[in-house]
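Structure, as structure tokens:
Read-outs: derived from the displayed coordinates by stated rules, not from any lab. Predicted model, so just to flag it, every value in this text is computed and none were measured. Neighbour counts run over all protein chains shown; Cβ positions are idealised from the backbone, glycine included.
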Amino acid sequence: MENTNRKQIRRTRREAFTLIEILLVVVIIGILAGIGIPAISGKSEKAKISQAKANINAISSALAIYEMNNGAYPSSLDGLLDSSKEGYPFLDKSSVPLDPWGKPFVYTAPGAHNTHKFDLSCTTQGGETIGNWE
């Protein structure tokens, strides 16, 4: 009987994790996180820049359709939401979208870069200008 109890105790001890095993797993997770986080950290700003370019392209398309239907570009981007114009709606939104950094896009018609059309741009937090003339 005593021999059976010893075998059960040995099995129980072997089935549990030791402190060293747990610490080893924590260290390995820490090393993997240390490698992975720097690789991911620069992707957020690149994603925002890509989103800004996509938004500029979408708004530029809406402005081109507005101009084809009405003969001129609107005085502001809010003109794309004007329901009294032919071809309404020019945007599928209830308001003009903001850039990924939460600021309104800069719109001028006629533009300084596109003198026969319009300029549409935004500025990143790092000061880089993204526009429809690039």
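Scan the stretch 112-123 for residues that are surrounded by fewer than 19 Cβ atoms within 10 Å (Cβ to Cβ) and in a loop (DSSP other than H, G, I, E, B) and the total you get is 6.
Filter the stretch 52-100 down to the residues that are assigned to a loop (DSSP other than H, G, I, E, B), of a type outside the set (Gly, Ala, Ser) and either without any contact (Cβ under 8 Å) to a residue 40 or more places away in the chain or loosely packed, with under 12 Cβ neighbours inside 10 Å (or both) and list them by number. Break it down stepwise before answering.
To start, the set of residues in the stretch 52-100 that are assigned to a loop (DSSP other than H, G, I, E, B) comprises 71-76, 82-100.
Keeping just the survivors that are of a type outside the set (Gly, Ala, Ser) gives 73-74, 82, 85-86, 88-93, 96-100.
Within the stretch 52-100, PRO74, ASP82, LYS85, GLU86, TYR88, PRO89, PHE90, LEU91, ASP92, LYS93, VAL96, LEU98 meet the criteria.
Looking only at the stretch 124-134, residues that are more than 16 Å from SER61 (Cα to Cα) and surrounded by fewer than 18 Cβ atoms within 10 Å (Cβ to Cβ) come to 6 in all.
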